[in-house]
Amino acid sequence: MSLPPSQPDGAEPGSAFFRSPSARRIPWDVLAVIAGSLLFLTLFYRFPISDPDEGIIATGAERILRGEIPFRDFFSELGPASFYLQAMIFRIIGESLTAIRVTAWGLGGILTGIVYLLAKRLVSGAGALIPAAAFAFPFLPTPPLAFSLAMLHVLLHEIGVYDEPFLKRRTNAVYLIGKDGYYLKDDATGKPVIWDPVAGRPKPFDDPTIKDYALEGRYRVGNVDGTVAFQLVKEHVKPYTPEWAAMITTVPASTIRRIS
């Protein structure tokens, strides 16, 4: 007479603890939730997320790729896992804004599926979809971010109001940026360069002979093409119209324009 396999106290035959690997496959409804959330998040793929900030994640990941260690070489209020995950994605598909969005997109879908799976243990039926859907919202553009982007769009593309002297002389808006997203630097000094439209050539940003600073445009520096940082900002906010923000914030487009 053969004895049944030993079981932990309180476990019942046929429970999840004893199921075969084939019985422990991901249920179809969980896969459907993951696929649905990924499809939904794809609609917002070109928009930035605000929490955590993309720039913080990207900078931390780049520093890790250079051999630095979080909380030893740099500090952030975010946990190190965020930086190491992004660094791994950077290494696989390259350092780019696309890599950051792919990471957020993938995490949004997978974590939404996990939340749904956990909710099924507490809520029966379609009620488990509610916490899963709520969890996906942080991966969408948030109302404050959408509102700010729309205001920038109005200021830069509709009414053209900004402090040009301040931008030229007190910020890095005039720096030339290469296609890799980094500053173009002067070969002799290693300093970021700007374009002097009066002299018609690049100069280090603190060159005392600078007559003026180009605030927009693209220029050739040696064998490399550079774009003025402010130009990139204008191009980045161009799609974020008040009409787009109104769908996210519920603030009418006319109100956003009036406040701007």
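The values are calculated or read from the model by the stated rules, or taken from the named source; none is laboratory data. Quantities reported herein were computed from a predicted structural model and do not represent experimental measurements. Cβ atoms come from the backbone with ideal geometry, glycine included; neighbour counts cover every protein chain shown.
Scanning region 181-195 finds one or more residues that are under 20 Å from residue 167 (Cβ atoms), surrounded by 14 or more Cβ atoms within 10 Å (Cβ to Cβ), in contact (Cβ under 8 Å) with a residue 40 or more places away in the chain and among the hydrophobic types (A, V, I, L, M, F, W, C).
Might you check whether a residue that is modelled with pLDDT under 65, under 20 Å from the mean Cα position of the chain (by Cα), part of a loop (DSSP other than H, G, I, E, B) and surrounded by fewer than 14 Cβ atoms within 10 Å (Cβ to Cβ) occurs anywhere in region 49-67?
Yes, the conditions are met somewhere in region 49-67.
Of all residues in region 210-223, those that are at positive phi have Cβ atoms under 6 Å from Cβ atoms of residues that are among the hydrophobic types (A, V, I, L, M, F, W, C) and modelled with pLDDT of 95 or more, 6 or more apart or on another chain, in 217/228.
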